[in-house]
Structures are given as C-alpha cells and as structure tokens.
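Structure record follows, encoded as structure tokens.
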Amino acid sequence: MAGMQFLGAGVEVEPKDIPIYVSALYGRFTKAIDPLNIPETAGSMPAYERWGMAAKIGYKPKFGQLNLTMFRGFENPASVTYTDPSLEVTPGANLTIGVNGKVKITRTTNLKFEYAHSIYTHNLNLEPSALDDFTYADNLGSLIPANASTKESDGIILKLTQKIKSINLTLGYRRLDPTFQSMGTPFLNNDVENITTGFATPLLKGLVNISANGGFQ
C-alpha cells in the first residue's frame, strides 16, 4: 500500500510447508469532508469518503518470487451533500490489478518486475455506459462501474541487476501512462518514462563504497 494509512484490518497467512502466501485488507482510507454538514470542515475543499480492499497471492519458488495483486477502491456518493461544479470534485471508483516479482536468471543475474493495469471511473454519478473502445471493463459489474468517465491505463517497472566480481551493475526501465492513477497509492507521478543505469562497488577492502546512477526521463 506504499505506506498509506487506513482505518481497518488486514491479515497475512504464510504456511511453512508450502511456498504460497496470502494477504488481504479492508478499511476506510479517507473521511468525508462535507463543508455544509461537518462544521470542522467548513471552508475546506470537499472530498468523498473513500473505502478500499486489497488482496495478494504470492508464490516463492527457489528461483524467485511472484505476486498477483488486486486493489479496489470506491467513494461514497452520499457522503458529500453538495459540491460546486466548478471544483470538479466527483465520487470515483478504481480497480487495479497487477503482477510483480523477481527472478534469478543466473547465479549473478536478477530481474525485478512490476506491471499494473488500472481502471478508474472518475464520476460515479454518470449513467452507466459502454466504453468507447469496448473492453472487458464493460463486463466487470459492481467491481468497477463503467461510464463515460472511465479510463484504462498501464504502468511497468523493470530492473535488471548483474554482478561481475565485486561490481554490481543495474539497468532500469519505468513507464506510467499519462492517465495512470490508483486509489491505493497516495502520491504518483504519471505520464513518465525513465531509462536508467548504474553501478556500485566496494573499495579499500569494504571500508568505502562508491556508486553512481544516471539516465534520462
């Protein structure tokens, strides 16, 4: 959850005899800010009450790790009585599914990866309708109501690490679509593509470590 705080509960189960683990959570992520009915929020920007749930199933074989994740966030349209249309504050819903993990390619080569697909409906007050480009998001029912405000987007992160004697070399790639959003991440810079490389090595029998990173965005 990228350090996001919430009021709720979570559970993690990791059996000792099988390389599979499961975690899940449910709770309230933000309180409603209703300037007309909540005196302590008078003069503030309105915000809808937000709830979320998430689940992760992981598999940890000897050669790496694989996680399948799902997050669903939704805002309560009834939690705010009135918003000025000029503020463009509307209740939304989000479904983000992803896969991430790491793979040991050789004894000295490792790959970390993460891919996420987000379906984000920005205004639940609109009438349900099929998306312009018909996709499976039109058939997910209550998981994510689709209408004219629904956007789909992707994000991907790759990091390849190679160790040559005492030198660690890295090559990274990160790309987030311009409209990529997730209610499960508090701060996210989208519309970005990074390609980076770097190295790190110890000197003087480990008394000094030197590293450098560079790339372009």
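The values are calculated or read from the model by the stated rules, or taken from the named source; none is laboratory data. Every value quoted in this text rests on a predicted model; they were computed, and no experiment measured them. No Cβ is skipped: glycine too gets one built from the backbone with ideal geometry, and neighbour counts run over all protein chains shown. The accessibility values were calculated without ligands, DNA or RNA, using every heavy atom of the protein model including side chains. Shrake-Rupley method; radii C 1.70, N 1.55, O 1.52, S 1.80 Å.
Return yes or no: is GLY92 within 15 Å of MET1 (Cα to Cα), touching a Lys or Arg at 6+ places or on another chain (Cβ under 9 Å) and in contact (Cβ under 8 Å) with a residue 60 or more places away in the chain? The answer is no for GLY92. Say we look at the range 108-127 and pick out the residues that are assigned to a strand (DSSP E or B) and more than 20 Å from the chain's Cα centre (by Cα); which of these is surrounded by the fewest Cβ atoms within 10 Å (Cβ to Cβ)? Applying the filter and picking the extreme gives THR109. Flag: ALA42 does not match the condition of being closer than 20 Å to SER118 by Cα, among the aliphatic types (A, V, I, L, M) and either touching a Ser or Thr at 6+ places or on another chain (Cβ under 6 Å) or open to solvent by less than 70 Å² (accessible area, probe 1.4 Å) (or both).
Based on this model, can you work out whether GLY198 counts as of a type in the set (Gly, Ala, Ser), surrounded by 14 or more Cβ atoms within 10 Å (Cβ to Cβ) and either at pLDDT 95 or above or touching a helix residue (DSSP H, G or I) at 6+ places or on another chain (Cβ under 6 Å) (or both)? Yes: the conditions hold for GLY198.
Of the residues in the range 144-157, at least one is among the acidic types (Asp, Glu) and either exposed (fewer than 15 other Cβ atoms within 10 Å of the Cβ) or modelled with pLDDT under 90 (or both).
Within the span defined as the range 17-36, one or more residues are at pLDDT 95 or above and open to solvent by 80 Å² or more (accessible area, probe 1.4 Å). Only a single criterion out of (1) within 26 Å of ARG50 (Cα to Cα); (2) in a strand (DSSP E or B) is not satisfied by ASN189, namely (2).
Filtered by the rule that a residue be among the hydrophobic types (A, V, I, L, M, F, W, C) and under 30 Å from ALA47 (Cβ atoms), the range 16-32 gives ALA24, LEU25, PHE29, ALA32. Being at pLDDT 90 or above and not small (Gly, Ala, Ser) is a property that holds for LEU7. Scanning the range 66-107 for residues that are open to solvent by less than 40 Å² (accessible area, probe 1.4 Å) and part of a loop (DSSP other than H, G, I, E, B) returns VAL80, THR83, VAL89, PRO91, GLY92.
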